[in-house]
Each structure stands twice: as structure tokens, then as C-alpha cells.
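The values are calculated or read from the model by the stated rules, or taken from the named source; none is laboratory data. Since this is a predicted model, take the numbers as computed values, not measurements. Methodologically, a virtual Cβ is constructed for each residue, glycine included, from the backbone with ideal geometry; neighbour enumeration extends over all protein chains shown. Surface accessibility is based on the protein's heavy atoms, side chains included, excluding ligands, DNA and RNA. Shrake-Rupley method; radii C 1.70, N 1.55, O 1.52, S 1.80 Å.
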Amino acid sequence: MESLMSGKINLPDIRRIVTWASESEENRHRLMELAKSADRQTRVNAMWALTHMSEACADWLHSRRHELAGMLLAETDVAGKRLLLKLLREQDFGPDDIPTDLLDYCLARINSECEPYAIRASGIYLAFRMCRHYPELTAELKERLDMLGLQTLSPGLLSARRKTLEAIGRLSRK
């Protein structure tokens, strides 16, 4: 599996990897280890495969959300960050289960013009999934989104901002 992951792969390869990983806990563990590889190509390919894991493996991914958060905080590659944010956006964080370092990471990137738009937009969505449990955190997120409105934004970032502000508005009406 490692030799496949170290080269260029395509969607049929991803499907084969996902099928292999779905067969056993040991295979899923190996895929997660490959997602931590020092080799950039192997790491990104493994993360890409993780984003295609079936709903049958959703519980397995959910049980590793804190591990994924730690990987995101250490990731330097833009593709790796984007894939990890995609994985984390699909996870549910309860009111007593919010990793503050991950929340700080997301909030810090919302207005950072040094970050790519995709990272910033994913950070908005993920921050909302964590902030929604607490009015004071939701208010802080709203302030950051208000400040974001002063920047020139891509269509994707505008959409993330608009949708999140709408969701915050729905929360405040409850």
C-alpha cells in the first residue's frame, strides 16, 4: 500500500484504497499512519483516501477526530491542511468536547490574508461547528466574520461567511 501511496494516484486508486481500508481495523490504522508519513505525497494521498471513507467508517473517523486535529495543527502543506479541515468539518464536536487549540487555529485563520481561501472558508465552517454551543464563542465568531466583510473575498469565502452568519442568526432566534 505504501508504494501505491507514494506516487500519483487517481480516483479509481482511491476507491481501491478505501475498499482495502474498510476491510479491517488494522488496515484503517495503517492508512492513518500513512496519513502521518514524512513523505508529502504519501501523506496527502492517504488523507485524500480518508476523505472518501464510507459512512460505515464514520464512527471510526469520529473516534479519531482529536488525532486529526493534532495532525492539522502540525501540518505545513496546504493540500494536507485542506484535506484535514474537510475531514474535521464532518465531525461533530459536543459542548464538552471542543479542542480549544483547534478552535483557536480556525479563528486565527479566518481573517489571515496569508492563508488560501479554501483554508479560511473551511476554518469558518469548522469554527461554527465548535462555537455553536456557546453564545460567547458564537459572538466572537460573528465579530471575526464582520471584520472579514472589510476584505476583498473570493466567491467561496463570501459564501462561507454568508452561510455562517445566517446560521448564527438562526441560533440567536432560538
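Scanning segment 12-44 for residues that are within 18 Å of E55 (Cα to Cα) and of a type outside the set (D, E, K, R) turns up I14, I17, V18, T19, W20, A21, S22, S24, N27, H29, L31, M32.
Looking at (1) farther than 14 Å from I14 by Cα; (2) touching a helix residue (DSSP H, G or I) at 6+ places or on another chain (Cβ under 6 Å), can you tell me which one T42 breaks? Result: T42 fails condition (1) only.
If you go through segment 100-120 and pick out every residue that is out of contact with any Lys or Arg (no Cβ under 8 Å at 6 or more places or on another chain) and either buried (at least 16 other Cβ atoms within 10 Å of the Cβ) or among the basic types (K, R) (or both), you end up with 4. In this structure, R132 qualifies as farther than 27 Å from A35 by Cα, in contact with a Ser or Thr (Cβ under 9 Å, 6 or more places away or on another chain) and open to solvent by 10 Å² or more (accessible area, probe 1.4 Å). Look at (1) open to solvent by 30 Å² or more (accessible area, probe 1.4 Å); (2) within 24 Å of T42 (Cα to Cα) and you find that L83 fails only one, number (1). Determine, yes or no, whether L34 is touching a residue at least 12 places away in the same chain (Cβ under 8 Å), buried (at least 21 other Cβ atoms within 10 Å of the Cβ), under 11 Å from the mean Cα position of the chain (by Cα) and at negative phi. No: the conditions fail for L34. A residue that is within 15 Å of the chain's Cα centre (by Cα), under 27 Å from M53 (Cα atoms) and buried (at least 18 other Cβ atoms within 10 Å of the Cβ) occurs nowhere in segment 135-158.
Taking segment 66-80 on its own, how many of its residues are crowded, with 18+ Cβ neighbours inside 10 Å and assigned to a helix (DSSP H, G or I)? Walk me through it before giving the result.
To start, the set of residues in segment 66-80 that are crowded, with 18+ Cβ neighbours inside 10 Å comprises 68-69, 71-72, 75, 80.
Adding the requirement that they be assigned to a helix (DSSP H, G or I) leaves 68-69, 71-72, 80.
Selection size over segment 66-80: 5.
Looking at (1) of a type in the set (A, V, I, L, M, F, W, C); (2) more than 30 Å from T152 (Cα to Cα); (3) touching a residue at least 12 places away in the same chain (Cβ under 8 Å), find the lone condition where L83 falls short. Condition not satisfied by L83: (2). Of everything listed in (1) surrounded by fewer than 17 Cβ atoms within 10 Å (Cβ to Cβ); (2) not in a helix (DSSP H, G or I), the single unmet condition for I9 is (1). Among all residues of segment 16-36, there is at least one that is modelled with pLDDT of 95 or more and part of a loop (DSSP other than H, G, I, E, B).
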